[in-house]
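Here is the structure we will look at.
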Amino acid sequence: MTAGVPFLVAERRGVVAGYVVAHCAADEGEILNLGVAPAHRRQGIGRALVERVLQELAGRGVRTVYLEVRASNAAARQLYESLGFGEVARRARYYRRPVEDAVVLRAAIAAERGSAKL
């Protein structure tokens, strides 16, 4: 974790299994990127990273968190929705290679626990 930007890394047996990076300004935050290595997917690492970064953001006074995800990334969208994120907008043709829409998601953070809620 750096002082200005929450950056968390998950390790399994000395190997990087995943990471999450976010930033915040005032009472809003954004998850910039979440990645889990293919060999470590479906093991709860992504969920744990998002939950932990939400706690970190809450501790910095963040009350609303945003993120963008590819429209076709069903696994990520399901994870985020299960953590309290809901769709608030779409950005047409946002991603390249391949060209695809971005779905903008938002969640409110409960101040006392740092958990997301709608």
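Quick note: the coordinates plus some simple rules give every number you see, no bench work behind them. Quantities reported herein were computed from a predicted structural model and do not represent experimental measurements. Here the Cβ is made from the backbone with ideal geometry for all residues, glycine too, and neighbour counts use every protein chain on show.
Pop a pseudo-label 7 angstrom from the Cα along the beta-carbon direction at both ALA92 and GLN78 and give the gap in nm to one decimal.
Once both label points are built, they end up 3.0 nm from each other.
Where both partners of a DSSP beta bridge lie in the chain, what percent of those bridges are antiparallel, to the nearest 5?
90 percent
Around ILE45, what is the net charge, scoring Lys/Arg as +1 and Asp/Glu as -1 over all other residues with Cβ under 15 Å from its Cβ?
Local charge sum for ILE45: +4.
How much net charge surrounds ALA102 when only other residues with a Cβ under 12 Å from its Cβ are counted (Lys, Arg +1; Asp, Glu -1)?
Summing Lys and Arg as +1 and Asp and Glu as -1 gives +2.
Please state the Cα pair-distance histogram of the chain with 10 angstrom bins from zero: what percent is in each bin?
Spelled out per bin, shortest first, that is 14, 45, 34, 7, 0.
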